[in-house]
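**Student:** Please read through the structure below; I'll follow up with questions.
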């Protein structure tokens, strides 16, 4: 009882410290981002989830009032099936909307921040408690103050990560996914003491938030099986079965809606930059793109990976990250050797757990880096694997410093090195946070989308001019779908491609909103710069044009469409005059 009380008090203090620090850092990032004013709460990604969650909350159906033009090729009529969003965040937001009841769109939009914020703070706390538990297991002689300090550094280092702060201030899926992976890795590090099916359920719940679980789950299942004392093949299978049971309803939905349980429109990002294709050309035409097949596809992706990997690897090696990752690799080798040396003892399972967790983190980071290199080569898409590998590397480096033989490093030297390591981690985190706050403030001033009040004003004008429920097309797609409660098709690639979309969805208005013509999409630059001339262009079915400006200086060009011409056998996807970059 006394031991439990002694453990409870430091853990309670640790949780309180990290909760306060996380809340403060979240508020600072939100202020820098000017959240809710110049930066709408519902950005492009967050709005996609919000409109689908509202559909589920109010109508009990897994559909969305927003679609990219490419989605019209298979499902032309609104509401559309879910081809981009994952079910985890959708279900949570839907539940929050139902609890909140009917309210204004602006007030309801803030509910999308609840889960990301809780997972941001929760991940920091999870990493800290896992660190404290590992020290208690493997260095029970360590003083309680030392365990508390080490755990605090690990938790704060995560909370100081600017990408984690960014994902916490928007309706993103990355942080719930990261929290799920953190729990899974913590269970691994303790020697696979959980049941394999239960471990699989943890992976399945994480997979409800990110489709990347499809290639990370086998890595974690293999790591769990490697740390299992016996029947490794059976343990591997049971882990995957546990995860599959959680994900099965979603796969069934995909199968029924798209004919493929693994269908995900984000898979088109594989071909972004391949053969002249861009994200715009892949997603903003009302037809499924033609992509390479067979060995041609393999060759194209290999070339893309070779082009992008050096940049990603350089980003992963900046600051002390290379030290953290190198320490993790050293720890993986040492734990593997310790596993072999102690296989017959009670310590063998603990060493096996550490080895499995370390190798799993390194493998997840490597696979995530490769996948990013052939899809979207940005460091932000490595965040879940990166932050967990960094935290683990910092933990094991602290352990390596502490375990130096007394003859090679006196206690005072080891203590000084431990303090220096903590200061390095926290100093790097503070520097990263300050840089992130500056970048957020600059981005808020230069955003490509209007402020929340401007979007609300545009939505009000649409509602005054259009009958309820009438679809329209706009580059503010999901944001206007949320604000107007009507179907919205994202802007076509060019004005010449609008008619091809109209043949699938009956709409009569296009609302293009850009900061200025220079910031308009390439295919729309001329139409936004000289909209009156666009109305007289015989290639485009534009009957009239109205222009205005938002209170934050964005140019609004409202195209009212004329009679839809007969399809041309010689035109491109958008009919005569369609021009594609």
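The values are calculated or read from the model by the stated rules, or taken from the named source; none is laboratory data. Quantities reported herein were computed from a predicted structural model and do not represent experimental measurements. Virtual Cβ from ideal backbone geometry, glycine too; neighbours counted across all protein chains shown.
Table: residues versus (1) buried (at least 22 other Cβ atoms within 10 Å of the Cβ); (2) in contact (Cβ under 8 Å) with a residue 60 or more places away in the chain.
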site: 82; (1), (2): yes, yes
site: 106; (1), (2): no, yes
site: 109; (1), (2): yes, yes
site: 119; (1), (2): yes, yes
site: 133; (1), (2): no, no
site: 139; (1), (2): no, yes
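**Student:** Surrounded by fewer than 21 Cβ atoms within 10 Å (Cβ to Cβ) and either over 24 Å from the mean Cα position of the chain (by Cα) or closer than 21 Å to residue 185 by Cβ (or both): does that describe residue 249?
**Tutor:** no
**Student:** Out of all the residues in the stretch 170-198, which are assigned to a loop (DSSP other than H, G, I, E, B) and within 17 Å of residue 90 (Cα to Cα)?
**Tutor:** Of the stretch 170-198, the ones assigned to a loop (DSSP other than H, G, I, E, B) are 170-173, 190-195.
Selection gives 170, 171, 172, 173.
**Student:** Kindly evaluate residue 158 against the criterion of being part of a helix (DSSP H, G or I), touching a helix residue (DSSP H, G or I) at 6+ places or on another chain (Cβ under 9 Å) and surrounded by fewer than 22 Cβ atoms within 10 Å (Cβ to Cβ).
**Tutor:** Numbers: part of a helix (DSSP H, G or I): yes; touching a helix residue (DSSP H, G or I) at 6+ places or on another chain (Cβ under 9 Å): yes; surrounded by fewer than 22 Cβ atoms within 10 Å (Cβ to Cβ): no.
Considered against the rule, which asks whether it is part of a helix (DSSP H, G or I), touching a helix residue (DSSP H, G or I) at 6+ places or on another chain (Cβ under 9 Å) and surrounded by fewer than 22 Cβ atoms within 10 Å (Cβ to Cβ), residue 158 comes out as no.
**Student:** For the subset of the stretch 31-48 comprising residues that are in contact with a strand residue (DSSP E or B) (Cβ under 9 Å, 6 or more places away or on another chain) and part of a helix (DSSP H, G or I), which member is surrounded by the most Cβ atoms within 10 Å (Cβ to Cβ)? Working first, answer last.
**Tutor:** We begin by selecting, within the stretch 31-48, every residue in contact with a strand residue (DSSP E or B) (Cβ under 9 Å, 6 or more places away or on another chain); these are 33, 41, 47-48.
Okay, now just the ones that are also part of a helix (DSSP H, G or I), so 33, 47-48.
Numbers: 33: 25, 47: 27, 48: 25.
Per the stated criteria, the residue is 47.
**Student:** Residues that are in contact with a strand residue (DSSP E or B) (Cβ under 9 Å, 6 or more places away or on another chain) and farther than 30 Å from residue 31 by Cα: find the helices (runs of 4 or more DSSP H) completely inside the stretch 360-471 holding 1 or more of those.
**Tutor:** Working: elements: 383-402, 411-445, 452-465.
Passing ranges, in order: 452-465.
**Student:** I'd like the full set of residues that are within 19 Å of residue 255 (Cβ to Cβ) and assigned to a helix (DSSP H, G or I), limited to the stretch 58-90.
**Tutor:** 71, 73, 87, 88, 90
**Student:** Just wondering, is there one or more residues in the stretch 442-462 that are closer than 19 Å to residue 324 by Cβ, surrounded by 18 or more Cβ atoms within 10 Å (Cβ to Cβ) and modelled with pLDDT of 90 or more? If you could, list the steps in order and put the result at the bottom.
**Tutor:** Going residue by residue through the stretch 442-462, those that are closer than 19 Å to residue 324 by Cβ are none.
No, the stretch 442-462 contains no residue that is closer than 19 Å to residue 324 by Cβ, surrounded by 18 or more Cβ atoms within 10 Å (Cβ to Cβ) and modelled with pLDDT of 90 or more.
**Student:** May I pose another question? Got a sec? Which helices (runs of 4 or more DSSP H) wholly within the stretch 496-537 have at least 3 residues that are over 18 Å from residue 283 (Cβ atoms)?
**Tutor:** Details: elements: 498-502, 525-529, 531-535.
Result: 525-529, 531-535.
**Student:** Could you say whether any residue in the stretch 327-344 is buried (at least 22 other Cβ atoms within 10 Å of the Cβ), within 29 Å of residue 146 (Cα to Cα), under 20 Å from the mean Cα position of the chain (by Cα) and in contact (Cβ under 8 Å) with a residue 40 or more places away in the chain?
**Tutor:** Looking through the stretch 327-344, none of the residues is buried (at least 22 other Cβ atoms within 10 Å of the Cβ), within 29 Å of residue 146 (Cα to Cα), under 20 Å from the mean Cα position of the chain (by Cα) and in contact (Cβ under 8 Å) with a residue 40 or more places away in the chain.
**Student:** Filter the stretch 200-246 down to the residues that are under 15 Å from residue 363 (Cβ atoms), under 21 Å from the mean Cα position of the chain (by Cα) and touching a residue at least 24 places away in the same chain (Cβ under 8 Å) and list them by number.
**Tutor:** The answer is 203, 212, 213, 214, 215, 216, 217, 219, 220.
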